[in-house]
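Asker: Submitted below is the structure of interest, expressed as structure tokens.
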Amino acid sequence: MNPMNLSPTASPKTMFASDGLVEHLVRGIVGISALSYAISISVPHPFYSLALAGVSMVAFRGCPICWTIGLVETTYRMFKRHHAAP
């Protein structure tokens, strides 16, 4: 029984996975950069730091662990797509 009516080789889009690996890695770079800069300017500019932390959370689609889960899901989807039986 297939409740989502998908073929066995199709993988549904999840909340954390991206459409491509490059897109996901770019989101990670933006998130890590924003978070590290937010930490570095937290004492002299706390409000800018909070704004950058928000940018980081949007880029990560949550927290860094959420981004890591999405990286695993995106990699799995790419692997499954390339190794699907015709």
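Asker: When only Cα pairs under 8 Å and 6 or more residues apart are kept, what is the percent relative contact order across the stretch 21-82?
Answerer: The normalised contact order for the stretch 21-82 reaches 39 percent.
Asker: Could you work out the local net charge near L25, counting Lys and Arg as +1, Asp and Glu as -1, over the other residues with Cβ closer than 14 Å to its Cβ?
Answerer: Spelling it out: positives minus negatives among the neighbours equals -1.
Asker: On full extension of the chain, what length is gained from I41 through M15, given 0.36 nm per residue of separation minus the C-alpha to C-alpha distance?
Answerer: Computed gain between I41 and M15 is 6.3 nm.
Only the coordinates and a few stated rules stand behind these numbers; no lab work does. From a predicted model like this one, the values you see are computed outputs, not experimental measurements. Ideal geometry is used to build each Cβ from the backbone, glycine not excepted, and the neighbour counts take in all protein chains shown.
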